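**Q** What follows is a single structure, and I will ask about it in a moment.
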Amino acid sequence: MKYRYTLRKRRYETNATIVAAILLIPTFIALAFLFIYPAIRIFYLSFTTTNTITNISTFAGIDNYRFIFSNEIFRKAFSNTIIFTIVKIVLEVTISLALAVLLDEHIPFRKYLRICYFAPVIVPVVGSSIIFMWLYDPQLGPINQLLSMLHLPTSNFIYSEDSALMSIIVFAVWRGIGYDIIIFISGLQGISDTLVEAARVDGANSRDIFFKIRLPLLRPVITFVVMMGLIGCFQAFTEVDIMTGGGPNNSTLLMVNYIYGQAFGNAKLGRGAAASVVLFTVIFILTLIQKIRSDSQENYNG
């Protein structure tokens, strides 16, 4: 005899639920040790003055939060992260979507071009950062040498406060477009050819097909790419740590670099934990907003 119960207007079998719960026990244990406990621990440490070297900890209340919100370097890191996120996502999504549309067509060397665009994704970020440091070198870098040959103004790139953050963004976009291109191509290939052919029969040109058929159907894919991009941008660390260390004059300092500097550079684990909680809250809110918008669009389309 099968026992059933109703939850949120859906009927479930009791035996199946028990089996599923047993099979999920290892996942719940791993989740508890790898996420829930560390999250609780970080939240607790954010209210202490824990020293990373001596591991001496005393309760400090909200002093760490008062410090970071009044700290000019924290505000600089936060604003840099916001600029980095907005500019990178706009450029990356626009470029990768345009390239995906081109690579979805029957063009020469299509498979070779797909491999070339995806290659930066699998290159270790440390290695690619060192390569770009050479490219950006004001004296020996080939970019400035090429600009000089063309009689165009040169730049100090990552060595100038005015251009350092944008140079990091260009590098991050170069590394990220390959992954987005693959995702967008998968979304484009999931669009039925029948819809496209019907639009062509009705007299639609390539521009109309893209903006009125393909782009609306790609909204779930674009939402996914933007959501993953938001999380990735707020977690960016290695490229800045290798290429600039947050300089010059904190012009490229991002949130994770600030957290690392406070927790391990200054041995102020409590301040680093407080900044981590702020960063987690921002990521959670942005992800939640994006999820709500995505669900509302799906309900509207449905």
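The values are calculated or read from the model by the stated rules, or taken from the named source; none is laboratory data. Remember, it's a predicted structure, so these values are computed and weren't measured experimentally. We place every Cβ from the backbone using ideal geometry, glycine too, and count neighbours over all the protein chains shown. Please note that ligands, DNA and RNA were not included when accessible areas were found on the heavy atoms of the full protein model with its side chains. Shrake-Rupley method; radii C 1.70, N 1.55, O 1.52, S 1.80 Å.
**Q** With every protein chain present, what is the per residue accessible area of the chain (1.4 Å probe, Å²)?
**A** Accessible area per residue: 62 Å².
**Q** How big is region 163-302 by Rg and Dmax over its Cα atoms, in Å?
**A** When restricted to Cα atoms, region 163-302 yields Rg and Dmax of 20.4, 68 Å.
**Q** Write out the chymotrypsin sites (Phe, Trp or Tyr not before Pro) in region 22-110 meeting two conditions: DSSP loop, and at most 14 other Cβ atoms within 10 Å of their Cβ.
**A** Counting only loop positions with at most 14 other Cβ atoms within 10 Å, the chymotrypsin sites (Phe, Trp or Tyr not before Pro) in region 22-110 are PHE109.
**Q** Each residue of region 209-216 in order: what ³J(HN,Hα) in whole Hz does its phi give by Karplus 6.51 cos²θ - 1.76 cosθ + 1.60, θ = phi - 60°, with x for Gly and Pro?
**A** Ordered by residue, 3J(HN,Hα) equals 4, 5, 7, 9, 10, 5, 4, x Hz.
**Q** Quote the accessible area belonging to SER251 in square angstrom, nearest 10, computed with a 1.4 Å probe and with ligands, DNA and RNA left uncounted.
**A** Probe radius 1.4 Å; accessible area of SER251 about 10 Å².
**Q** Enumerate lysine pairs in the chain that are 8 or more residues apart or on different chains, then count those whose Cα atoms are under 23 Å apart.
**A** Total qualifying Lys-Lys pairs in the chain comes to 4.
**Q** P(r) tail for region 7-100, what percent of Cα pairs lie past 16 Å?
**A** When all Cα pairs of region 7-100 are counted, 78 percent exceed 16 Å.
**Q** Work out how much length LYS291 to THR154 would gain on full extension: take 0.36 nm times their residue separation and subtract the Cα-Cα distance, in nm to one decimal.
**A** 45.0 nm
**Q** While we're looking at this one, here's another question. If the viscosity is 1.567 mPa s and the temperature 4 °C, what Stokes-Einstein diffusion coefficient in µm²/s follows for region 90-223 when Rh is the Kirkwood radius over Cα pairs?
**A** In µm²/s, the coefficient rounds to 75.
**Q** How much of the accessible area of region 9-103, probe 1.4 Å, is carbon plus sulfur, in whole percent?
**A** The nonpolar share, carbon plus sulfur, comes to 74 percent.
**Q** Just grab the label-to-label distance for PHE211 and LEU195, each label 7 Å out from Cα along the Cβ direction, in nm (one decimal).
**A** Going from the PHE211 label point to the LEU195 one covers 1.8 nm.
**Q** Quick check: residue separation of ALA20 and TYR260 times 0.36 nm, minus the Cα distance between them. What number comes out in nm?
**A** Full-extension gain reported as 82.4 nm.
**Q** Using the Cα gyration tensor of region 103-173, with a ≥ b ≥ c the square roots of its eigenvalues, what is the shape: rounded (a/c below 1.5), prolate (a/b larger than b/c) or oblate (neither)?
**A** Judged from the Cα gyration tensor, region 103-173 comes out prolate (a/c at least 1.5, a/b above b/c).
**Q** P(r) for the chain, please, calculated from all Cα pair distances in 20 Å bins and given in %.
**A** Final binned percentages: 24, 48, 26, 2, 0.
**Q** If you don't mind, another one. GLY247's amide H: which non-local residues (gap 5+, or another chain) put their own amide H closer than 5 Å, with H modeled 1.01 Å from N in plane and none for Pro or chain starts?
**A** THR252
**Q** Sorted from largest to smallest, which semi-axis lengths in Å does the alpha carbon gyration tensor of region 177-246 give for its equivalent ellipsoid, taking the root of 5 times each eigenvalue?
**A** Gyration-tensor ellipsoid for region 177-246: 36, 11, 9 Å.
**Q** For the full complex of protein chains and a 1.4 angstrom probe, list GLU239, GLU197, GLU72 by accessible area with the highest value first.
**A** GLU72, GLU197, GLU239
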